[in-house]
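**Q** Handing you this structure, nothing more for now.
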Amino acid sequence: MDRRRFLLTSLAGALAPPLGAEAQQGKNWRIGFLGPSPSGTGAHLVQAFRQGLGELGYMEGRNIAIEFRPTEPGDYERFRLLADELIRLRVDVLVTSITQATLAAKKATTTIPIVMMNVDDPVESGLVASLSRPGGNVTGLCRMSPELVGKSLATLKEAVPAVSRIAVL
């Protein structure tokens, strides 16, 4: 499994607990997706995101609706407007795919859950208070940071117990 697929499947897993509680009641969940244009370099991320949700039983048009609000690369000023638009649509959760989108979403709401992926250091950027106790309404995945190296190695050792040497470039 490649890294992006793993991250997006993990993201879908992060969505599962809050969504699963009411899934039996037939609620149609609305997910706001804020990030770079999925038609360009992000197309594979969107595909993996949809696939991960599908593996958890969430299908567009059946029990979820995904409201995509993309921007062109470098047009980060629009994220705040797009985040406000998604909030007006009353999405149940916001999914953000880069740091700038997550920052805009965090400024726009303190009540709607925000699931981030592919962000820079979330503590340094002010998205969370700390990695161990993030607080607020932001959760998710970040790019590799020094604080996560130990956890990543432990996860690798658990997944591949026979590993005895690891090289990092």
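**Q** How do the helices (runs of 4 or more DSSP H) wholly within region 1-93 filter down when requiring 3 or more residues that are at pLDDT 85 or above and not aromatic (F, W, Y): which remain?
**A** Details: elements: 3-23, 43-55, 78-88.
Output list reads 43-55, 78-88.
**Q** If I go through region 88-145 residue by residue, how many of them are surrounded by fewer than 14 Cβ atoms within 10 Å (Cβ to Cβ) and touching a residue at least 40 places away in the same chain (Cβ under 8 Å)?
**A** 2
**Q** Going by the structure shown, is T155 exposed (fewer than 12 other Cβ atoms within 10 Å of the Cβ), of a type in the set (S, T, Y) and either touching a residue at least 24 places away in the same chain (Cβ under 8 Å) or on the phi > 0 side of the Ramachandran plot (or both)? First the steps, then the outcome.
**A** Working: exposed (fewer than 12 other Cβ atoms within 10 Å of the Cβ): yes; of a type in the set (S, T, Y): yes; either touching a residue at least 24 places away in the same chain (Cβ under 8 Å) or on the phi > 0 side of the Ramachandran plot (or both): no.
Answer is no for this residue.
**Q** Here's another thing I want to ask about it. Could you list, in sequence order, all residues of region 99-110 that are in contact with a helix residue (DSSP H, G or I) (Cβ under 9 Å, 6 or more places away or on another chain) and either in a loop (DSSP other than H, G, I, E, B) or farther than 18 Å from G140 by Cβ (or both)?
**A** Answer for region 99-110, where residues must be in contact with a helix residue (DSSP H, G or I) (Cβ under 9 Å, 6 or more places away or on another chain) and either in a loop (DSSP other than H, G, I, E, B) or farther than 18 Å from G140 by Cβ (or both): just T109.
The values are calculated or read from the model by the stated rules, or taken from the named source; none is laboratory data. The shown structure was predicted, so the numbers you read here are calculated from the model rather than taken from an experiment. All Cβ positions, glycine included, derive from the backbone under ideal geometry; neighbour counts span all protein chains shown.
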